[in-house]
Every structure is written in C-alpha cells, then in structure tokens.
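A short write-up of the structure that comes next.
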Number of protein chains: 2
Amino acid sequence: MQSERFTPLVALELVSDTKEEAITWLLQRIRDKQRNGGAELLVEQLRPGLGVQEKQNPNLFLIGASLQRLLSGAEDLGLFKEFNDGSMRGFTCTNKQNFKDFQDGFLSVAECQYIIKHELDTLRAKDESHVPGHTQAKLYPGKSIIRRLLSKGIMVQMFPLHQKEELKRLTFSWYKKVKLSLQPLGKIQCNYEGQALYFGFLEYFTFALIPMALIGVPYYLFDWDDYDKYVIFAVFNLIWCTVILELWKRFSATLAYRWGTLSRKKAFEEPRPGFHGVLGFNPVTGREEPLYPNAKRQLRVYCVSLPFVLLCLYGSLYVMMIYFQMEGWALSLHDEDPTFWTGVLLFIPSIIYAVVIEVLNLIYRYAAEFLTEWENHRLESSYQNHLILKVLVFNFFNCFASLFYIAFVMQDMVLLRQSLATLLITSQILNQFMEAFLPYWLQRRRNKKMMRRVTKMRTQEDKELPIEEQVRLEADMSTYLGTFDDYLELFLLFGYVSLFSCVYPLAAVLVLLNNITEVYSDAFKMCRVFKRPFSDPASNIGVWQLAFEAMSVIAVVTNCALIGMSPQVKAYFPESDMQLILWTVAIEHGLLAVKFILTFLIPDVPKPIQIQLAKLEFESLEALKKKRVVSGKASDGKK
Amino acid sequence: MQSERFTPLVALELVSDTKEEAITWLLQRIRDKQRNGGAELLVEQLRPGLGVQEKQNPNLFLIGASLQRLLSGAEDLGLFKEFNDGSMRGFTCTNKQNFKDFQDGFLSVAECQYIIKHELDTLRAKDESHVPGHTQAKLYPGKSIIRRLLSKGIMVQMFPLHQKEELKRLTFSWYKKVKLSLQPLGKIQCNYEGQALYFGFLEYFTFALIPMALIGVPYYLFDWDDYDKYVIFAVFNLIWCTVILELWKRFSATLAYRWGTLSRKKAFEEPRPGFHGVLGFNPVTGREEPLYPNAKRQLRVYCVSLPFVLLCLYGSLYVMMIYFQMEGWALSLHDEDPTFWTGVLLFIPSIIYAVVIEVLNLIYRYAAEFLTEWENHRLESSYQNHLILKVLVFNFFNCFASLFYIAFVMQDMVLLRQSLATLLITSQILNQFMEAFLPYWLQRRRNKKMMRRVTKMRTQEDKELPIEEQVRLEADMSTYLGTFDDYLELFLLFGYVSLFSCVYPLAAVLVLLNNITEVYSDAFKMCRVFKRPFSDPASNIGVWQLAFEAMSVIAVVTNCALIGMSPQVKAYFPESDMQLILWTVAIEHGLLAVKFILTFLIPDVPKPIQIQLAKLEFESLEALKKKRVVSGKASDGKK
C-alpha cells in the first residue's frame, strides 16, 4: 500500500515459521486506516543482510509513521511539550504552531517510538476468532493483537532502533570524554525517556555524597583509631539522609516538569501479556478479557509468597551465623599462631560471605520472579511493585543483617568497620563486573562473527553499516530489563552510607567513586551492550522513593542507637544506663517526629512549577465555563 | 424585571444606611443575564414584618432562582448526582433525563443554596471603579462584588434559609424521638451537606467505642484495685486506634461517594474576604488582585506565631506545675488530718485545674484567631489549617501534659486514674454547657420578645409563621462557626480514650455516653440555635484525619510505655531494667512499623467504589479518543 520511503523507528520480529497468512493479516491491520480500526502506520519487510547466512530470520519488519500520524498519536497520548510562553502543555494538533520549535525535530525519536509502541499495543482484534493460520492463538473483540502474538510466542520481540547519528553524539557527550561537567540529561531524556530519571537520580545522589565524602576524609585521616568520635558524624548522617530525600523530590518534580511527564495522565493500563484467567467482562471497561479473582491472588501472596520470603530470610540468617562461626574460628587460629598467612585468613570469611550473599541474592531473584509471575498480577505496575518489595526485603536483610548483628549484638565497632569495608568493596567489584562487563563479554562472544565484520567495516570510516545489518545486530543484543537493578544497587549503597558511615567515614568516598564509574558503565551499557529500550515516561521514581524513605527512617533509628552506644555519650550518664537509654529513645522519637513534620512542611513541588500547574488547570476550567456559556447562548438563540 | 413568585433560598442583609443607588446596582447585577456578566438570579426585597418595630432593617433581600438556572449552575459546579445505573456522575444539562429521579426534588435544598452562593460569590465587577454611592468600597475588573461588600461592611450577612417542612421532618427523625436506630445521615446530608460528614464521623466514632466500652465495664467492675492487669487492655487499645482510623477512611470514602463529593473537583479558590495586600496580577489567573509576599507571611508564622505558641505552651506548663503543688499541699493537709472535708479538698485542685484549662483554651483560641488573621493567608483553607494546627497543639498540650507527667514522671497510676476521671467529667459537662445550652440561652434572651410571639403563634397549630417573620428570626440567630469545635472535642475525647483508657477502663463508657448526648445537642444546635450554614461539600475530614492519625501514633507509643512500666511485665525481667526497656522500645518500633505498613496495605477507598471511579475515568478517556477520531475523519473529509 504505502510504498514511500520512511525512517524506520521500531523493529518487529516474528518467529521464522510464522504462517504467510498471519503475516499478511498483521501487516494489513497495521497499515489500515484508523477509522477501520487499524494503526495507520508504515511497515516494510527487512531485506536479507549482505553476508547471506542460512539461519537469518526473514520475518523482521521495520515500522515507521508519517509526521501527521505521529502528531495525532502525540495528541492521543496527551504528550506534554514546551509552549511558546515556556510552560508545558498537552500537545494538540489544532494549535501546534503555538508550540516552541514546532518543526522537523519537534518530537524526539524516543517519543516517536513510544507513540508507535502505544499504537501497536492498542491495535485490537475486531471479529477475528484467532490469528489467521495459528488456530491456537485465540482472539476476541477488543483483545490487543500484539500482546496475544507475544504471549503465544509468534512474535519474538518488538524493539526501538538506535538512531546512529544521535547515538554517536550522545555517547560522545555522555561517556566518551573524560569530563567534570554533568551528564547531558536533556539528551539522555530524548533518547531514553523513562531511564533518564534514573540517571538524574544517580547524578543527584552522587552530588549529594560530596559533602559527606568531604567530611569523611579528614575523619578517616585523623581519627582512625578513635572509634568514639563518631557522634558528630552520626548527627550529620541523620540530617543528611532526611534532607537529600526531600530535596530530591523537588528536583525530580523539576526534571519531570521540564520533560513533560509530571502531569501527563497515564493511559488506561492493559493487562500484562503473562496474565491469564477465565474470560469475562472487565467491570471498568466492559471489555471481554481474562479475569482472575483478587481473593485467590491475595491467598497466593499471603499463604505462599510471604512464608517463602520469611523462610528465605531465615535461611539467610542461618548463613550469617555460619559466617560468624567461621570468623571466630579464623580469629582463634590467628591468635594461636599470628603469622602473615593467618592474618590473610582473617579476611577470608568476609570475602566468602560477600560472594555467598551475591549468589544468594541472584538465586532468590529468580525465585521471586517466578513467584510474582505465579501470583498472576493483572497489571505490569502491580507485578513490578510486588517483585520490587520481595527482592528489596531480602537484599536489605542479606546485606545489612550481619552489620546490625555486629553493631548491636556483638557491639564490636572494629569488626563493624572491617566488615563494612569488605562488604562494600567486594559487592562493588562484583556488581560492576556482573552488570556491564559480563553482558558485554557474553554478547561479544555470541555474535563474534558479525562483530568482526562490523569492526572491519567501521575501520573504513566513511562507510556506514547498512540498515539491514544494523537491525540484525541490534536484534541480537540483550534486552535491557529496566532500571530495577540499577535502583536496587543505589538503594543498598544509600543504606551503607546512611546507616553505618559514621563508623567507617570512608564509605561515602567509596560510594562516590563507585557512582562515578557507575555513570560511565551504565551509559556504556545503555548505548552499546543492550537493545535500545522503549521509553517509559515516569513522573517520579515511584516505589523507590518509598524504599529510600523507609531506609532513611531506619537510618535515623540506627544512628541514634549508635550515638547512644558511644563511650562519649555514655560518659555523660556515669551512674545509670537506664537514663541513657531513655534519653536516647526520647531524642530518637523527637527526631522521627521532626522528620515527619519536615516531610509535610517542605512542598514536594517547587513553587514556580506549582504555579504553572495551577495556571494550566485554571485555564482549562475557564475554557470549560466559557464553552458552556457560549453553548447556553446558542440554545437561547434557538429558542 | 422578573416578577414571578419564587421559593426564597438565600437571604442577604445589607446595612440599613446603604445608599439607594448601591442597592439598585447590586440587584441589577444579580438579576442580569449571564452573558452580560450577571448572576441571572431572582431577588426580591423582604416586606416589613407584622409587628412593626422601628429598628427593623429594611435592607433584607430574598434570593432564588429558576429551575433551569439551578440546573446550569449545578453543571458549572460539576455536582455529582446518581445516574440511572446507580453510579455517581457529574451532572450535565444535556443528558439530565438519564439521572435517577430527575424531577422536582432532584437538587436538594442545600445544593440549590450552595449553587446560589457560588453564583453570588463569582459575581465579578466589570468596569466599576467602586460600589455606587460608596466610594470607599473600591472595585477593579474581576473582583468578587460580594466579597468586597462583606469586607467593607456594606453587607452584613448572607445566609441560607431553613425550609420549614424539611426541618420539621429532619428534627423528628434526628433527635425528637428517643431511638436506637442510626441518625438519618441521608436526610442530614440533604440539609447540611458539609456538616453531614462530621455527623457521619461522630456516629462512626460512637459505634467504634462500643467494643471498648464492652471490654471496659467488666474490667472496671472486677479489677478495680488491680492496677497491673491493664496490659491486655493496652494491647487492645493499640490495635483499636489503628484499625478504626483505617476503616473510617473507607467508610468516609463510601459516604462521600454516595453524596457525590468524593471526586467532585474543587472550584478555583478565591482569596478570603479578609485578605489584603498590594494590587498586582495573580500569576495563576492573570487577574488583578491583592498580592502579599509569601516570604513575609512565612516570617510572621515562624518569627511571631511560632514563638507565641511556644510561650503559651510554657505558660501552660507553669500552670500545670502550680496544680501539682496544690495537689501536694491538699494531700499533705489530708494526711495530717483526714476528715471528710479534707477528703473533698483532695478533688478541689483537679476541678480548679480543669476549669482553668478550659478558660486558658478559650483565651488562647481568641489569640490564635487574631494571629492567624494577622498572618494574612490568601486562601480560607490555608487560614483554617494554620488555625487548626495552633489550637490543636495547645489544646493537646493543655489536656494531656498533666496526664503524661503523672504517668511517666510521677508514675502514680492511682493519681492518673483519678485525674483522668476528673478531667473527663469536668470537661464534658463544661463542653455541653458552653456548646449548646449557653448559645441557646443567650439567643433566647436576645430575641425574647419575638420568641414569645412565635411560641404564641405556634400554639395555634395550623397557623404558620409568615416568611417575613421567619427570615428576620433566622437573621438574628447566631452564626454556626463550622465544625471546628466539634471535631476538636472529638479529637480530645479520642485522645483520652486511646492514650489512657487502659488505666481507667470506664473512660470509653463515659465518652460513649458523651457522644450519644453530643448527637442530640449537636442536632438541636444545628436545627434550632444557629442560622442554617451554607453547605461546604468535603470529600473527607481533611486535616482532622491527619490529626487523629498523629494521635493514634502517640497512643501506640504511650500504651507501649505503659505496658513496659506495668509490674506484670516487669516481673518477666527480674534482674535487669535495661533489658525491659530495650525490649519495650524494640516492640514499640515494630508496632509502629506494622502500623505504617497497614496504612499502605489497606486501600483508602473500597474496591467497588474504586471500580466505579475507574469506570468514569475510562469512559471520559474513551469519549475523548472517539471525539478525536471523529474530528480526524471530518478533517479527512474536508481534504
């Protein structure tokens, strides 16, 4: 139908044995006009690559759209763009000329891809009872076609394409040059809309660590052997972790406003592809779709998942106890015969424990994913929240239980410092390795042949890799699984810093260094290792904000306890330990109260943005009123 | 202009020396068509009363509206009414036939009055520079006329009228008959829309007290001298105060949904009449209005009001200390010479203290109102929040400081029980007196003459009081100052019950009895003592929910401490007080954590209502999309 040349934005891969009629039907539905229930997009089959290999999958398709279609899609989605007066407004085609820089590059590539994804996702079956040629892939009116194709394994994947020119510019300003300046957040946002907020948070967190690192270094240098001077540092920690989280909310709102995601309304959420149940009518939409009783899901959550998590926590506790036995054994060995080798032996239990923790985390992660999948959540967001909660609790316990045990049961500050250092360094090295280098190496090995050809071509500077090759290359890249692991890592690092950095002031410095390398490895990962992810516009960091805030509450309690235990403070209460404890508890409660009051007092959205949002709402109210008065006049006139 | 007979809904009183031209102008603006910027309402001057008195104010006006006008006003306000299918939807004139019971009594009287108030409030100056005949009452385009008239004292008051028939029916089902059934919340809502939620809360709270009272009575009867058995009761308290607040949120959402206030959007808030500042342009609306720099207000709040409140708290502490000295003096007197009269003397300090507290609260209340007025808040809601916060903190401190002192510093449970009983009983008697009987008596005295005439007329059963008399009677009634004091009272009662009822199990019974009489006295007050208030539709109890939740957190801490101090528990830790304290603190932290997790886990809105709300939103999204596709087709057609 459409034979015009277009910029391919999204690639779509079907399994190689897809029936011809299914392909024809799908392409026709994608190309069909919207009024006929189609998506009105442009599609074309990818030609076979140059180096002809027998195992090349022929069913790769490129999808694009006309500018007009993209703009109307942007309006459907309620995309917010910058208006002439500098405010952010929902885009509408009728007054498109009033938007700032309305011209060729008005919509960023990530936005275009997001629009196309949305249009494909909401491409619904009409009266087909199944996918032509695949009777097992049942359809019913209103069912999303793409989701059915995915869940039945007919569609392998759908992914947005990297835009080479932009990528080159981005990589250069992001990580190719050694620099002291900030990350190019604006450019990152254009390319990875949903992930940009993560990079914003990473940058914010890195900067927030600087004052702590600056205080930590002299502490470390001059008070190394004086474990008692940590009171001031603990007080600083208390304030720090409350203040930076409050300020982050404001900063995040500013970023989200600038990127137009703050007040954008979420579209109605579709059931996730893996969701199954008995066909019925959704009480909200009235559409036919699988239903699964909520009570049954709750039963699975509370009767299977919750006990499982508790069992795992118990197991983790057991491992910890073994570690402490090993630790004691190594210590006794060293005491008996203090040589260099037994000195080295002292560090062995910590290192083994750190490695075991990482392995346990990994295994648990798979179990958690399996369980959450089995809980059969209807919405992706609910699935994500349950998964995050499970993983979070276990990781927190795994990483910090031993430290809490050492600090409050054994009350051995020297050991605490040593364990913290070992844990921090080991887990950082492991993380960086698992996160960036391992996937990179795996991918390198997987498509060695193609890479070799690519590098050969790339040496002849001007010769560009043809689109066929590039798409196939990207199709073979690993899939980026979202910002989950990245946030989790930051969460644990935040924990190390806010909970125990007063006994090991160098922690902030280590985390700071880690964050700086993290920026580079994450950037590299996004640009080179993984397929480009679909952008997933977010107005805030969601459940992670909650997690960080919970951690900061725990930090207040922990730091108060550490202060109460310090010999410095104990010296003020020479005759009675009870007085000391009561005072510590009272002050801790006061601090928690102040923390909550602060959360209420500091507005989450900065004033100028509040005004802009109120203005928009006021205008829409006024417009509505005016419309009513006008229509009232019209009906008056009719009379 | 309109000379048709209409039902008067709202009365409006101007000062008796208002210039004739101002009256003509105002009436003309109220009657004028909406397209000319008028309110399009019906007005007529009240004829002088029967018994001609020289001091009767002639400038009383009755306002009503045609049904058509009321319906379009309801649409403007976005009033939610019950639809044919049982869901609540925003009313629109175009599909009015689809609303349930669309006929004469479709809009309740309270709704009609609310609509008229809104229309009058948004009656704006056009190009008048001042009110005709009153040059001191400046106007500028867009200024609300009614607010200017009020702030310049030209308008005395504007109040909705009681509807006699409805009132008679309401009073009968509400408080005239002794009954075991519930309050007629639906009918109350029709008459006092905003206050209905208060009555709903009062009823809910009363029912919530029943289990506590049921447990409390046997406790009181059988364990009177055993102060140690209160652990189980304290545990019950802990759970009770968390659970009832969570359930209240759900119940409140159900009520608000049924009354159509849950998802109704608040109209844009106008500056309050007392707000003053330099004329400028509002950054949100672009309208000319007084502006007052926020920084200046913050300065007043933090540098004047906050120190003042702290000073008052200190003063209250001082008074408390005097009370304890008096208490000690009375006790020593009784010990020296234990006669009946010195026994009575023992109760004197508590009673004096209770009275002094009430007086202090009253004085402080005026100071708080003055200060909050002086802080010059732009919005009524912000004024209310600041006032509530000030009064709340002081009242809380005043009522509970002595109890905390007795419980945790003196650790004298006998005295605690005695003080609690005295405080509770004294403050209840005082409250009921101040709240209902005093205003009633004052008003009775004020218009004795008219009342006598009224009662004379009423004895001749069938003879109705003419409208002229009724309006003048109502105009002289006291103004109902909102639900503030009622909520405050419930808040303090909730405090007595949740904090200390474990040492005085009869507290719940007393509060329960108080609540039952409260229902009657409040109902009487609303129907007979005060002018009918304008309804102020609320989707929840707002800042009070927060206050009650803060109280329940304090209750958890207090009850844990009381449990930790009980001899029963102490017996488990014979050798070490430190162990006991540490365990108490750990369990308290655990309970607080569980409380917060519960708050997250229990959804605030019941599932069926969530579905209804989601359905509405989904429908509006779909309608928007359909409209776009249709307009897209139209533009296709044009091409």
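The values are calculated or read from the model by the stated rules, or taken from the named source; none is laboratory data. Remember, predicted model here, so these are calculated numbers, not experimental data. No Cβ is skipped: glycine too gets one built from the backbone with ideal geometry, and neighbour counts run over all protein chains shown.
Quick check: is even one residue across region B:66-73 under 18 Å from residue B:259 (Cα atoms), among the basic types (Lys, Arg) and surrounded by 14 or more Cβ atoms within 10 Å (Cβ to Cβ)?
There is no residue in region B:66-73 that is under 18 Å from residue B:259 (Cα atoms), among the basic types (Lys, Arg) and surrounded by 14 or more Cβ atoms within 10 Å (Cβ to Cβ).
Could you count how many residues in region A:352-381 are free of Cβ contacts under 8 Å to residues at least 40 places away in the same chain, over 20 Å from the mean Cα position of the chain (by Cα) and buried (at least 16 other Cβ atoms within 10 Å of the Cβ)?
Summing the residues that are free of Cβ contacts under 8 Å to residues at least 40 places away in the same chain, over 20 Å from the mean Cα position of the chain (by Cα) and buried (at least 16 other Cβ atoms within 10 Å of the Cβ) in region A:352-381 gives 1.
When region B:556-584 is examined, which residues are found to be among the polar types (S, T, N, Q) and within 25 Å of residue B:241 (Cα to Cα)?
Within region B:556-584, the first condition is being among the polar types (S, T, N, Q), and the residues that meet it are B:558-559, B:566, B:568, B:576, B:579, B:584.
Within region B:556-584, B:558, B:559, B:566, B:568, B:584 meet the criteria.
Within the bounds of region B:552-563, is there any residue that is over 23 Å from residue B:400 (Cα atoms), surrounded by 14 or more Cβ atoms within 10 Å (Cβ to Cβ) and within 11 Å of chain A (Cβ to nearest Cβ)? Break it down stepwise before answering.
Step one: list which residues in region B:552-563 are over 23 Å from residue B:400 (Cα atoms), which gives none.
The answer is no; no qualifying residue exists.
Scan region B:377-402 for residues that are part of a helix (DSSP H, G or I) and over 17 Å from residue B:361 (Cα atoms) and jot them down.
Residues of region B:377-402 part of a helix (DSSP H, G or I): B:380-402.
Of everything in region B:377-402, those that are part of a helix (DSSP H, G or I) and over 17 Å from residue B:361 (Cα atoms) turn out to be B:380, B:381, B:382, B:383, B:384, B:385.
Please find, within region B:564-579, the residue that is surrounded by the fewest Cβ atoms within 10 Å (Cβ to Cβ) out of those that are of a type outside the set (Ser, Thr, Tyr) and touching an Asp or Glu at 6+ places or on another chain (Cβ under 7 Å).
Restricting attention to region B:564-579, the residues satisfying the condition of being of a type outside the set (Ser, Thr, Tyr) are B:564-565, B:567-571, B:573-575, B:577-579.
Cutting the leftovers down to touching an Asp or Glu at 6+ places or on another chain (Cβ under 7 Å) gives us B:567-568, B:578.
On the way: B:567: 11, B:568: 15, B:578: 14.
Checking each candidate, the answer is B:567.
Could you tell me whether region B:584-591 includes any residue that is among the acidic types (Asp, Glu) and more than 30 Å from residue A:582 (Cβ to Cβ)?
If we filter region B:584-591 for residues that are among the acidic types (Asp, Glu), which is where we start, we get B:588.
Next cut, more than 30 Å from residue A:582 (Cβ to Cβ) only: none.
No, because not a single residue in region B:584-591 is among the acidic types (Asp, Glu) and more than 30 Å from residue A:582 (Cβ to Cβ).
Looking at region B:532-556, which of its residues are in contact with a Pro (Cβ under 8 Å, 6 or more places away or on another chain) and of a type in the set (D, E, K, R)?
B:532
Would a scan of region A:243-259 turn up a residue that is surrounded by 19 or more Cβ atoms within 10 Å (Cβ to Cβ) and in a loop (DSSP other than H, G, I, E, B)?
Looking through region A:243-259, at least one residue is surrounded by 19 or more Cβ atoms within 10 Å (Cβ to Cβ) and in a loop (DSSP other than H, G, I, E, B).
Any residue that is away from chain B (no Cβ under 11 Å), buried (at least 19 other Cβ atoms within 10 Å of the Cβ), out of contact with any Cys (no Cβ under 8 Å at 6 or more places or on another chain) and basic (Lys, Arg) - is there at least one of those in region A:588-611?
There is at least one residue in region A:588-611 that is away from chain B (no Cβ under 11 Å), buried (at least 19 other Cβ atoms within 10 Å of the Cβ), out of contact with any Cys (no Cβ under 8 Å at 6 or more places or on another chain) and basic (Lys, Arg).
For the subset of region B:74-90 comprising residues that are without any contact (Cβ under 8 Å) to a residue 60 or more places away in the chain and either among the aliphatic types (A, V, I, L, M) or part of a strand (DSSP E or B) (or both), which member is surrounded by the most Cβ atoms within 10 Å (Cβ to Cβ)?
Initially, region B:74-90 is screened for residues without any contact (Cβ under 8 Å) to a residue 60 or more places away in the chain, giving B:74-76, B:83-86.
From the residues that got through so far, the ones that are either among the aliphatic types (A, V, I, L, M) or part of a strand (DSSP E or B) (or both) too are B:74, B:83.
On the way: B:74: 24, B:83: 16.
Selected residue: B:74.
Is it true that residue B:283 is more than 14 Å from chain A (Cβ to nearest Cβ), modelled with pLDDT under 85 and either surrounded by 16 or more Cβ atoms within 10 Å (Cβ to Cβ) or in a loop (DSSP other than H, G, I, E, B) (or both)?
Working: more than 14 Å from chain A (Cβ to nearest Cβ): no; modelled with pLDDT under 85: yes; either surrounded by 16 or more Cβ atoms within 10 Å (Cβ to Cβ) or in a loop (DSSP other than H, G, I, E, B) (or both): yes.
Judged against the criteria, residue B:283 is not a match.
Applying the selection to region B:91-133, what residues are closer than 14 Å to residue B:145 by Cα and either at pLDDT below 80 or loosely packed, with under 12 Cβ neighbours inside 10 Å (or both)?
B:127, B:129
Quick test of your reading of the structure: residue B:212 fulfils all but one of (1) modelled with pLDDT under 85; (2) assigned to a helix (DSSP H, G or I). Name the failing condition by number.
(1)
How many residues are of a type in the set (Gly, Ala, Ser) and touching a residue at least 12 places away in the same chain (Cβ under 8 Å) if we restrict to region A:382-406? Lay out the reasoning, then the answer.
Taking region A:382-406 and keeping what is of a type in the set (Gly, Ala, Ser), we get A:382, A:401-402.
Subset that is touching a residue at least 12 places away in the same chain (Cβ under 8 Å): A:401-402.
Within region A:382-406, residues that are of a type in the set (Gly, Ala, Ser) and touching a residue at least 12 places away in the same chain (Cβ under 8 Å) number 2.
Sort out which residues of region B:21-47 are touching a strand residue (DSSP E or B) at 6+ places or on another chain (Cβ under 8 Å), more than 13 Å from residue B:120 (Cα to Cα) and part of a helix (DSSP H, G or I), and write them in order of number.
B:22, B:23, B:25
So in region A:566-587, with the set limited to residues that are more than 9 Å from chain B (Cβ to nearest Cβ) and of a type in the set (D, E, K, R), which one is farthest from residue B:573 (Cα to Cα)?
A:570
Part of a helix (DSSP H, G or I), away from chain B (no Cβ under 14 Å), surrounded by 15 or more Cβ atoms within 10 Å (Cβ to Cβ) and among the aromatic types (Phe, Trp, Tyr): is that true of residue A:220 in this structure? So that I can check it myself, show each step before the final result.
Details: part of a helix (DSSP H, G or I): yes; away from chain B (no Cβ under 14 Å): yes; surrounded by 15 or more Cβ atoms within 10 Å (Cβ to Cβ): yes; among the aromatic types (Phe, Trp, Tyr): yes.
Judged against the criteria, residue A:220 is a match.
I'd like to check something: does region A:383-401 contain any residue that is touching a Leu at 6+ places or on another chain (Cβ under 8 Å) and hydroxyl-bearing (Ser, Thr, Tyr)?
no
Quick one: is residue B:349 surrounded by fewer than 16 Cβ atoms within 10 Å (Cβ to Cβ), modelled with pLDDT under 90 and not in a strand (DSSP E or B)? Steps first, please.
Values: surrounded by fewer than 16 Cβ atoms within 10 Å (Cβ to Cβ): no; modelled with pLDDT under 90: yes; not in a strand (DSSP E or B): yes.
Taking the combined requirement at face value, the residue does not satisfy it.
Quick grid of which residues meet (1) assigned to a loop (DSSP other than H, G, I, E, B); (2) surrounded by 15 or more Cβ atoms within 10 Å (Cβ to Cβ); (3) among the hydroxyl-bearing types (Ser, Thr, Tyr):
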site	(1), (2), (3)
B:273	yes, yes, no
B:296	no, no, no
B:326	no, yes, no
B:332	no, no, yes
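Pick out the one residue from A:310, A:306 that is within 14 Å of chain B (Cβ to nearest Cβ) and either free of Cβ contacts under 8 Å to residues at least 12 places away in the same chain or in contact with a strand residue (DSSP E or B) (Cβ under 7 Å, 6 or more places away or on another chain) (or both).
Values: A:310 fails: within 14 Å of chain B (Cβ to nearest Cβ).
The conditions single out A:306.
Residue-wise test of (1) surrounded by 16 or more Cβ atoms within 10 Å (Cβ to Cβ); (2) modelled with pLDDT of 80 or more; (3) farther than 20 Å from residue A:384 by Cβ.
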{"position": "A:462", "(1), (2), (3)": "no, no, yes"}
{"position": "A:485", "(1), (2), (3)": "no, yes, no"}
{"position": "A:500", "(1), (2), (3)": "yes, yes, yes"}
{"position": "A:503", "(1), (2), (3)": "yes, yes, yes"}
{"position": "A:506", "(1), (2), (3)": "yes, yes, yes"}
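Restricting the search to region A:156-173, which residues are among the aliphatic types (A, V, I, L, M) and either in contact with a Lys or Arg (Cβ under 9 Å, 6 or more places away or on another chain) or surrounded by fewer than 17 Cβ atoms within 10 Å (Cβ to Cβ) (or both)? Talk me through it step by step, then tell me what you get.
Here is the first cut: in region A:156-173, the residues among the aliphatic types (A, V, I, L, M) are A:156, A:158, A:161, A:167, A:170.
Across region A:156-173, the qualifying residues are A:158, A:161, A:167, A:170.
If only one of B:44, B:40 is at positive phi and either touching a Pro at 6+ places or on another chain (Cβ under 8 Å) or among the acidic types (Asp, Glu) (or both), which one is it?
Working: B:44 fails: at positive phi.
Just a single option satisfies the conditions, and that option is B:40.
Can you go through B:258, B:287, B:272 and tell me which one is in contact with a His (Cβ under 8 Å, 6 or more places away or on another chain) and in contact (Cβ under 8 Å) with a residue 60 or more places away in the chain? First the steps, then the outcome.
Numbers: B:258 fails: in contact with a His (Cβ under 8 Å, 6 or more places away or on another chain); B:287 fails: in contact with a His (Cβ under 8 Å, 6 or more places away or on another chain).
B:272 is the lone residue from the list that is in contact with a His (Cβ under 8 Å, 6 or more places away or on another chain) and in contact (Cβ under 8 Å) with a residue 60 or more places away in the chain.
Residue by residue through region A:126-138, note down the ones that are part of a loop (DSSP other than H, G, I, E, B) and touching a strand residue (DSSP E or B) at 6+ places or on another chain (Cβ under 8 Å). Even if it seems obvious, please write down each step before you answer.
Looking only at region A:126-138, we keep the residues that are part of a loop (DSSP other than H, G, I, E, B), and these are A:126-129, A:132-133.
A:129, the sole residue that qualifies.
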